């Protein structure tokens, strides 16, 4: 954990070319090569971090968790805007460079570790007390889904603003009966209200990724539509529907609930819920999955 005295930050660039050269110079100076296994791509466009923070709605009343800060491009904007920032960086090699970059910033903690192994609720309570907790991060591509799941499951954040692969953002915000729509779409939309804010070109990074990125903001829903017991059934139904998405909803549900109910009973349940027996689960909206779950308790 690091706290340092306040001075002017050490990274100011007049052009994107200068920034790219400086980042490469820092990596070379510390003997670091970007790691594909860690999903490392460093932002070189100085406008993107500021735009992310502005879009996030973060201010001095907020405590922010940033994951995968890398060389601090987004971090420097966060410490300007937020009341306090906690960053978690897995790569030990980056810590000395990051400490140098944020030298002088008082409102920041640096924690070396794996965010997927952290007790996030405790981490937020210990390092961001008295502040409204938010996530803002350029997430490493290789942990996007588990990290988002961990943030949501911690049940402590007011919002999650992250840069992810565009295809992941499209999947989170997908409409029913489209190729991108899936179980994670339903999961994310049940717990949050997601919105794609803007895209980020591969040219804004070094090394350049092969895909376009998107910044997405997910505002946590204050109230859930189902109680805890029904919520468990809801996600069991959703996982069944998308586990074998080429099957009809009846057959997909029967594959999961066959020890409890006959196929005829499940068919009648689907039809009495207002759906054709041949419908596939991917055709149901989130509200229709909620309706199906509510009817489950009346049918059986």
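What follows is calculated from the coordinates using simple rules that are stated; it is not laboratory data. This one's a predicted model, so the numbers in the text were calculated from it and none came from an experiment. Please note: Cβ atoms are built from the backbone with ideal geometry, for glycine as well, and neighbour counts cover all protein chains shown.
How far, in degrees from 0 to 90, does helix 228-243 lean away from the longest principal axis of the Cα atoms of the chain, to the nearest 10?
90
Applying a 10 Å radius around every beta-carbon, put 65-77, 223-235, 181-193 in order of their mean neighbour count, most first.
On the way: 65-77: 25.6, 223-235: 13.1, 181-193: 19.8.
Those peptides, ordered most packed to least, come out 65-77, 181-193, 223-235.
Helix 16-29: angle to the longest alpha-carbon principal axis of the chain, degrees 0 to 90, nearest 10?
80
Only one of the listed values, (i) 1.15; (ii) 0.99; (iii) 1.95, was derived from the coordinates as Cα Rg over 2.2 N^0.38 Å; which label is it?
(i)
Does region 200-300 classify as rounded, prolate or oblate by the C-alpha gyration tensor (a ≥ b ≥ c root eigenvalues; a/c under 1.5 gives rounded; else a/b over b/c gives prolate, otherwise oblate)?
On the way: a/c = 3.11, a/b = 1.99, b/c = 1.56.
In terms of gyration-tensor shape, prolate.
Remind me, relative contact order of region 239-300 in percent, using alpha carbon pairs under 8 angstrom and six or more residues apart?
Values: 55 pairs, mean separation 21.9, N = 62.
Relative contact order here is 35 percent.
With the contact rule set at Cα under 8 Å and sequence spacing of 6 or more, what percent relative contact order holds for the chain? Intermediate values should be presented prior to the final figure.
On the way: 505 pairs, mean separation 46.9, N = 300.
Taking the mean separation of contacting Cα pairs over the length of the chain, I get 16 percent.
Among rounded, prolate and oblate, which fits region 40-182 when a ≥ b ≥ c are the square roots of the eigenvalues of its C-alpha gyration tensor, a/c under 1.5 means rounded, and a/b larger than b/c means prolate?
Prolate, because a/c is 1.5 or more and a/b exceeds b/c.
Enter the angle in degrees (range 0 to 90, nearest 10) between the Cα long axis of helix 286-299 and the first principal axis of the Cα atoms of the chain, meaning the one along which they spread out most.
For helix 286-299, the angle is close to 40 degrees.
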